[in-house]
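Every read-out reported here was derived from the displayed coordinates using simple, explicitly stated rules and does not represent laboratory data. A quick note: this is a predicted structure, and the numbers were derived from the prediction, not measured. Cβ atoms come from the backbone with ideal geometry, glycine included; neighbour counts cover every protein chain shown.
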Amino acid sequence: MKFKKKVTPNKKVRNATVLEYYGITFKSKLELYCYKRLKEYNLRFQYEKIKYELMSPFDFENDSYELFKKKGERTFSKQRPSIRSITYTPDFVGYYPSVKGKMFIIETKGNPNEAFPIKWKMFKRHIQINDLDIDLYMPRNQKQVDEAVNLIINKFK
């Protein structure tokens, strides 16, 4: 079994251990566990390959003065008018084994950061507005990963 523990800290996920498995870098042990379970059942999926744009970039036309850190110094100054897009990349995007075109997304979340609940709501809205046929699963531990995989396998039997 090819398994390496990486020493780089994971700043996006709280209390997570970055791991490498067969050349794929996972942001947490729970992601790796989910990957192995999906592989075990030969489900078709991709790991962190699809990115959804939840909000398009835009130029803010009014003035905006905010606290800004530049070259280590904090200053209260006028900010750039360009606002970047908000994107979301799910952990696992896959297809149900028995239904052509029907998709599922698994987002493993042990300890979500403070920004995640807002993005998750925006993503649900994105699915609804765009009439996407996607089921969502958010397991928070290994037992819930097992339940999610079983639900996926048994959904259309």
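Once the Cα atoms of helix 29-40 and of the chain are each reduced to a long axis, what angle between those two axes, in degrees from 0 to 90 to the nearest 10, is obtained? Here the helix axis deviates by roughly 40 degrees. Think of segment 115-157 as having a plus end and a minus end, set by charges on the Cβ of Lys, Arg, Asp and Glu; of Gln128, Val149, Pro117, Pro117 sits farthest toward the positive end of this dipole.
In the chain, taking the dipole from charged Cβ atoms about the Cα centre, the farthest positive-side position among Tyr65, Tyr41, Thr75 is held by Tyr41. Inverting the pair-averaged 1/r between distinct Cα atoms of the chain gives 17.9 Å as its Kirkwood hydrodynamic radius.
Taken along the Cα-to-beta-carbon direction at a fixed 7 Å, the label points for Arg44 and Thr25 span 2.9 nm. Per residue, the convex hull around the alpha carbon atoms of segment 111-156 comes to 57 Å³. Sorting 117-130, 60-73, 136-149 by their mean Cβ neighbour count within 10 Å, with the most densely packed peptide first, gives 136-149, 117-130, 60-73.
Using the alpha-carbon atoms, what tilt in degrees (0 to 90, nearest 10) does helix 142-154 show relative to the longest principal axis of the chain? The helix 142-154 is inclined about 60 degrees to the chain. Counting only alpha carbon atoms, the long axis of helix 116-129 and the longest principal axis of the chain meet at about 70°.
Could you pull out the pairs from Lys29/Lys49; Lys49/Lys69; Lys69/Lys124; Lys39/Lys100 whose alpha carbons sit more than 21 Å apart here? With Cα atoms farther than 21 Å apart: Lys49/Lys69; Lys69/Lys124. Close amide H partners of Phe68, meaning residues 5 or more places away or on another chain with modelled amide H under 5 Å apart, are Thr75, Phe76, Ser77.
Taking amide H as placed 1.01 Å from N in the peptide plane, Thr17 has its amide H under 5 Å from the amide H of Lys29, each at least 5 places away in sequence or on another chain. In this structure the amide hydrogen of Lys102, modeled in the peptide plane, comes within under 5 Å of the amide hydrogens of Tyr96, none closer than 5 places in sequence on its chain. Each Lys and Arg Cβ is given +1 and each Asp and Glu Cβ -1; about its Cα centre, the chain then shows a dipole of about 680 debye.
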